[in-house]
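To start, the structure itself, in structure tokens.
No lab work stands behind these numbers, since they all come straight from the coordinates. From a predicted model like this one, the values you see are computed outputs, not experimental measurements. Here the Cβ is made from the backbone with ideal geometry for all residues, glycine too, and neighbour counts use every protein chain on show.
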Amino acid sequence: MVRLQGAHRVTDDLDTVATQHGDDPTRVEIVTGIEGAVEGTKVDCIAVGDVPAAELHGAELPDDELDRAFILSHRWALDSAENRILRADDLELSATVDCRFASAAALVVMKLQSSPRRKGDRSYKAGGDLFDIFRLISNPELTRAIAVSLHTAPHDLGSWCAASVAGSFVDQSDRSAAAIARSGVAGARSPTSAELRRAGELLVHWFEDTPP
């Protein structure tokens, strides 16, 4: 939502990534453990290792492509995070905070690996993941930048992302459009399969057309 400079769906939680050293809690877990620190907001923290994604050896990564993408995408999100100023204003509160936010490309990769993992009671969340990806890759100010950034992703993460976008948004656009519509996250204006396919094709085009 920060990358899109606006809210496109309702959410009640805050997703974070933080380095974990050994068995110690992350800084996020320490802060959220303080009573009243984040009243009314659910904060999820995914702990990652203290080695940058680009420095991980292939032998240390899982063979399963989704498990591999999970590890690489979340660590890369932390490695490539950028500072942004977030300001909140209403009648009773005015606050400004300087935070590190994941890049648009890292968000796309993280959500691509999470969508097929949604099973059982959480299956409806797959539509939310797909809708978030669509909003990011269909934004004219972000599409090319995402494609360029994917070439800087560690290991084979960038090419995996491009192939996954082609699969979910081009080859299986009808299925993805139906998942978004079922989830209800997009409201009455759920994207059509044609819109998903066009967004996916454009991102893949820019990825393939951009020199590594």
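Below are the figures for this structure:
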quantity: Number of the condition not met by G120 [criteria: (1) free of Cβ contacts under 8 Å to residues at least 40 places away in the same chain; (2) touching a helix residue (DSSP H, G or I) at 6+ places or on another chain (Cβ under 9 Å)]; calculated: (2)
quantity: Residue within the stretch 11-19 that is without any contact (Cβ under 8 Å) to a residue 24 or more places away in the chain, among the charged types (D, E, K, R) and not in a helix (DSSP H, G or I) present; calculated: no
quantity: Residues (touching a residue at least 24 places away in the same chain (Cβ under 8 Å) and either over 19 Å from V109 (Cα atoms) or among the aromatic types (F, W, Y) (or both)) located in the stretch 74-86; calculated: W76, R84, L86
quantity: Meets criteria (in a loop (DSSP other than H, G, I, E, B) and either within 20 Å of D132 (Cα to Cα) or of a type in the set (G, A, S) (or both)) for V51; calculated: no
quantity: Residue within the stretch 48-55 that is in contact with a helix residue (DSSP H, G or I) (Cβ under 6 Å, 6 or more places away or on another chain) and among the β-branched types (V, I, T) present; calculated: yes
quantity: Candidate set from the stretch 112-122 (those that are under 18 Å from A177 (Cβ atoms) and touching a Ser or Thr at 6+ places or on another chain (Cβ under 9 Å)); member that is surrounded by the most Cβ atoms within 10 Å (Cβ to Cβ); calculated: L112
quantity: Members of the stretch 60-73 that are without any contact (Cβ under 8 Å) to a residue 60 or more places away in the chain and under 20 Å from G22 (Cα atoms); calculated: E60, P62, F70, I71
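Listed here are the residues, each with its yes/no results for (1) within 16 Å of the chain's Cα centre (by Cα); (2) free of Cβ contacts under 8 Å to residues at least 60 places away in the same chain; (3) not in a loop (DSSP other than H, G, I, E, B).
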| site | (1), (2), (3) |
| --- | --- |
| A88 | no, yes, yes |
| T96 | no, yes, yes |
| A105 | yes, yes, yes |
| M110 | yes, yes, yes |
| A126 | yes, yes, yes |
| E141 | no, yes, no |
| A145 | yes, yes, yes |
| A162 | yes, yes, yes |
